[in-house]
Amino acid sequence: MRAVAMNTQSILADNELKEFGYSPKLNRTLTTWQLTAFGLTYLQPIGPAVIFGFLLSTSGGSVALPYALAFVGMIFTILSYSVLIKEYPLSGSIYNYVKFVISPFWGFIA
């Protein structure tokens, strides 16, 4: 039953994308858990330690401030992406958003 619902959602999403001139070439087969697992394994476990060490040395010991500023920037990014994904339901890449809002050239540059 769940597979039928996911297939129906995929068909509806594909039909919606055709309005923008995009025809999907890949099957949508990954579940939310598979995407989450991929994301967690894609991020290097040592990455946060390297960033923390860099911030500690460049901020003079005040690591909380750069993280707080980055958090504010990420909130604005999340809010803008939530508006853009409703307007242009494509792959969610910055290229597609800038291509439709400004021009394909600037989308490529972004």
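The values are calculated or read from the model by the stated rules, or taken from the named source; none is laboratory data. Treat the numbers as computed from the prediction; the structure is a model and nothing was measured. Here the Cβ is made from the backbone with ideal geometry for all residues, glycine too, and neighbour counts use every protein chain on show.
A few notes on this one:
- In the range 51-66, the residues that are free of Cβ contacts under 8 Å to residues at least 40 places away in the same chain reach residues that are in a helix (DSSP H, G or I) and among the aromatic types (Phe, Trp, Tyr) with C-beta atoms within less than 8 angstrom, at least six apart or across chains, in these pairs: Leu55/Tyr67; Val63/Phe52.
- Failed criterion for Met74 (all others in (1) modelled with pLDDT of 85 or more; (2) assigned by TED's automatic domain parsing to the domain that holds Glu16; (3) not small (Gly, Ala, Ser) hold): (2)
- Checked across the range 22-35, the condition of being in the same structural domain as Ser10 (by TED's automatic domain parsing), under 30 Å from Thr8 (Cα atoms) and touching a helix residue (DSSP H, G or I) at 6+ places or on another chain (Cβ under 7 Å) holds for at least one residue.
- Search result, residues across the range 54-90 that are surrounded by 13 or more Cβ atoms within 10 Å (Cβ to Cβ) and either closer than 26 Å to Leu26 by Cβ or among the acidic types (Asp, Glu) (or both): Tyr81, Leu84, Ile85, Tyr88, Pro89, Leu90
- In this structure, Tyr88 qualifies as within 30 Å of Thr8 (Cβ to Cβ) and in contact with a Phe, Trp or Tyr (Cβ under 6 Å, 6 or more places away or on another chain).
- Test for Gln9: is it modelled with pLDDT under 75, under 30 Å from Phe100 (Cβ atoms) and in a helix (DSSP H, G or I): yes
- Only helices (runs of 4 or more DSSP H) whose full extent lies in the range 47-110 are considered here, and the ones with at least 1 residues that are out of contact with any Lys or Arg (no Cβ under 8 Å at 6 or more places or on another chain) and polar (S, T, N, Q) are 47-58, 64-87, 94-101.
- Taking the criterion of being surrounded by 10 or more Cβ atoms within 10 Å (Cβ to Cβ) and modelled with pLDDT of 75 or more, the residues of the range 26-45 that qualify are Leu30, Thr31, Gln34, Leu35, Thr36, Ala37, Phe38.
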